[in-house]
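Everything on this sheet refers to the single structure shown next.
Coordinate-derived values only; no laboratory data. Small disclaimer: the values here were computed from a predicted structure and weren't measured. Ideal geometry is used to build each Cβ from the backbone, glycine not excepted, and the neighbour counts take in all protein chains shown.
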Amino acid sequence: MTTTMALILSQRPSIQQSSSPHTTSKKSSLEYRYQNMPGRGRERRKFPVVLYEILSDPRNFHIIYWMPHGRSWRIHDREKLAKVLCPRYFNHCKFESFTRSATGWGFKRVAEDGPDYNCYYHRNFFRGRPELIPLILRLYSSGNKSKSNGDGDETEGADFNGEGETFLVLGEI
């Protein structure tokens, strides 16, 4: 073997044998880092879980934050959300993809004037209540533009301040 060939072979990443003699897998440091990034790897975490983690991290409060009552959240800086948080936690860097994911998981935006204007909420997504997250299901549409997940919760009636319609009765949980 020539010295050039030996040099090339020595610079290749090592290949580790798996339990099966017919398969091999490369374990480079880049692959290890990619698999251990939030939301990456074999088991991708679901959007509500990642969103709860983002909202719970005080380093993100200048970009996205819980409302004081803890029943909805607001995006403060759309550009930083897309350029900083989306690449870190998701596989994209577009604000529209983030909002599409939110609405696809049943989060609704408050379009009525008031203190929660432009906030997002879900009937099973609250600050301090991560045990409710498994109750959030991905919405799938069979061509219908507006399809709910059967909970009867629509965009109207999201009064979080106790004036008018009640959003959630805690005894239901």
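Amide H of W105 versus every other amide H placed in the peptide plane: which residues, excluding those fewer than 5 positions away on the same chain, fall under 5 Å?
Placed amide hydrogens put L139 under 5 Å from W105.
Report, by chain and number, residues whose modeled amide H sits under 5 Å from the one on H76, excluding near sequence neighbours (fewer than 5 apart, same chain).
I64, Y65
Less than 12 Å from a label point 7 Å out along the Cα-to-Cβ axis of I133: which backbone N atoms in region 48-81 qualify, by residue?
Answer for region 48-81: 48-57.
Would you kindly derive the ³J(HN,Hα) couplings of region 102-107 from the backbone phi angles with the Karplus curve 6.51 cos²θ - 1.76 cosθ + 1.60 (θ = phi - 60°), listing them in order in whole Hz, with x for Gly and Pro?
4, 5, x, 9, x, 6
So how much slack lies between E112 and K80, counting 0.36 nm per residue of separation and subtracting their Cα-Cα distance, in nm?
Values: separation 32, 0.36 × 32 = 11.52 nm, distance 2.51 nm.
Difference between extended and current length: 9.0 nm.
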